Amino acid sequence: MYTAQGKIDQRALLEQYMPLVRRHALALQVRLPASVELDDLIQAGMVGLLDALERFDTAQGASFSTFANQRVRGAMIDELRSRDWMPRSVRRSVRALDQAVHRLEQSLGRAPDEREIASSLDMSVDEYHQLLLDANNGYLLGFDEVVSELGEPPARETAPATPHEALLKGDARAHLVEAIEQLPEREKLLLGLYYQEELNLKEIGAVLGVSESRVCQLHSQAVARLRGRLAA
């Protein structure tokens, strides 16, 4: 949309893309804790949309739609990351979980099951399941940044400055793909449904035949396996 002077009509674009902000907010909300308000996501998305209007340059070749989508979603993700809602005690337990999974995989030569992981952490299976639920809120967006290397880059990412940086980025992606391929089949399917198909927890539960809380547990367990392998 352009004005009579041949410039982009920012007011018209703002009105046209406001529904896009709401769609992104709704898509994210169903994947987040109930404490996250839809209005907060929309507000962050509007900031991203305004930023897109200010920064968009037709000379770059990309369409405004693509640019706006990236900025809107990126602004929402930035807002969520800034909240850092995982308590320190849970963070310590999550680090211990990552390390335990990695040690067990090295010693067993296979993916450990839940009882083996719980025993390694000196927990009951019920306590381990609760840890997975507590950890899931912090994983949802943390891992989203890692997985984005498999598809579109994060909204605010810049291209590698040197061939060496490009090579490192390619190596990181290759390691991630390899780590995902080594996951148990159900966990690998879950990640595909969540990050590629963008199903919410309820929909994934229907596909797998389990509850939403069980989806959260399996998601946390899968990410713990990946974090352990990638850290190694």
*For region 181-232 and region 53-92, what is the separation of their C-alpha centers, rounded to whole Å?*
23
_Contour minus Cα-Cα distance for GLU181 and GLN130 (0.36 nm per residue)_ = 15.7 nm
*Name the shape class, rounded, prolate or oblate, that the alpha-carbon gyration tensor gives for region 172-232, where a ≥ b ≥ c are the square roots of its eigenvalues, rounded holds for a/c under 1.5, and otherwise prolate holds if a/b is larger than b/c and oblate otherwise.*
prolate
*asked:* Probe radius 1.4 Å, ligands and nucleic acids left out: which of VAL101, VAL207 has the largest accessible area, and how do the rest follow?
replied: VAL207, VAL101
*Solvent accessible area, Å² - LYS202, 1.4 Å probe, full protein context*: 140
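The values are calculated or read from the model by the stated rules, or taken from the named source; none is laboratory data. What you see is a predicted model; the values in this text were computed from it and never measured. Remember, those area values only see protein heavy atoms, side chains included, never the ligands or the DNA or RNA. Shrake-Rupley method; radii C 1.70, N 1.55, O 1.52, S 1.80 Å.
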